[in-house]
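For reference, the structure is listed below as structure tokens.
Laboratory data are not the source of any read-out in this text; all were calculated from the coordinates shown. This one's a predicted model, so the numbers in the text were calculated from it and none came from an experiment. Glycine gets a Cβ as well: all are built from the backbone with ideal geometry, and neighbour counts include every protein chain shown.
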Amino acid sequence: MEPSKEPVSVRIARLNNMVLGKTARSLIRREGLIDSLLVLYDECNNDSMKRDPNISAFVEKFRSPVSEIRGMRVNISDFEVRKVIGRGHFGEVHLVREKQTGDVYAMKTLRKSDTLSNKRAFFENERDVMATATSPWITSLQYAFQDMHNLYLVMEFHPGGDLLALLDRFGGCLTEDYARCSSQIV
């Protein structure tokens, strides 16, 4: 490896920004690294792999931290599902309440069996837009997580529904007066 022309402190700061997702379009983020560690651990933690003493040592060394990480990550048990507020081709949107804080969110649940077989990874685009957008017209993503069967996008809850539902209520077309003053619509 060729020596770097940057000081160590600058490289470490850049690396930290990359891992924390503070750089533009960073593909490596904390959650991705944690997911990678968990997948590696799970792949190594089977009897055939643990025959190798190095892999067995890795599994033993990281057993406790992996368990602790799994306990700290956001998961479905953190939320109380109140009711279904929307249905789509790949899943449902629920009104949920975070159990510890009482905060209310909308949670989109996407079935992996349906979404991952689709060649277009639309859910990644949707997640990225909600996570990075600063527009008041785009719902902010609060949490994204997954389990064995589903992908979950937890976002701000905005009463009144989505634009498609709004158009359905008004026969597919909004009057100019309604379009000017959105408070009349809801």
Name the chymotrypsin sites (Phe, Trp or Tyr not before Pro) in segment 65-150 that are in a loop by DSSP and that have at most 10 other C-beta atoms within 10 Å, would you? Trp137
Could you point to the label whose value was computed as Cα extents along the principal axes in Å for the structure here, given (i) 41, 37, 37; (ii) 71, 33, 28; (iii) 70, 45, 37? (iii)
For segment 46-80 and segment 108-173, compute the distance between their C-alpha centroids and round to whole Å. 30
Which is the longest stretch in the chain that no exposed loop site breaks, taking sites as trypsin sites (Lys or Arg not before Pro) with a DSSP loop state and at most 12 other Cβ atoms within 10 Å? 26-98
Just tell me, in residue order, which DSSP H segments of the chain are both 27 angstrom or longer along the helix axis (alpha-carbon based) and at least 0.0 in mean Kyte-Doolittle hydropathy. none
Nearest 500 deg cm²/dmol is fine: what mean residue ellipticity at 222 nm does the chain get from its DSSP H runs of n ≥ 4 alone, each adding -39,500 (n - 2.57), divided by its residue count? -12000 deg cm²/dmol
Quick check for me: using +1 on Lys/Arg Cβ and -1 on Asp/Glu Cβ, what's the dipole size of segment 8-72 about its Cα centre, in debye to the nearest 20? 460
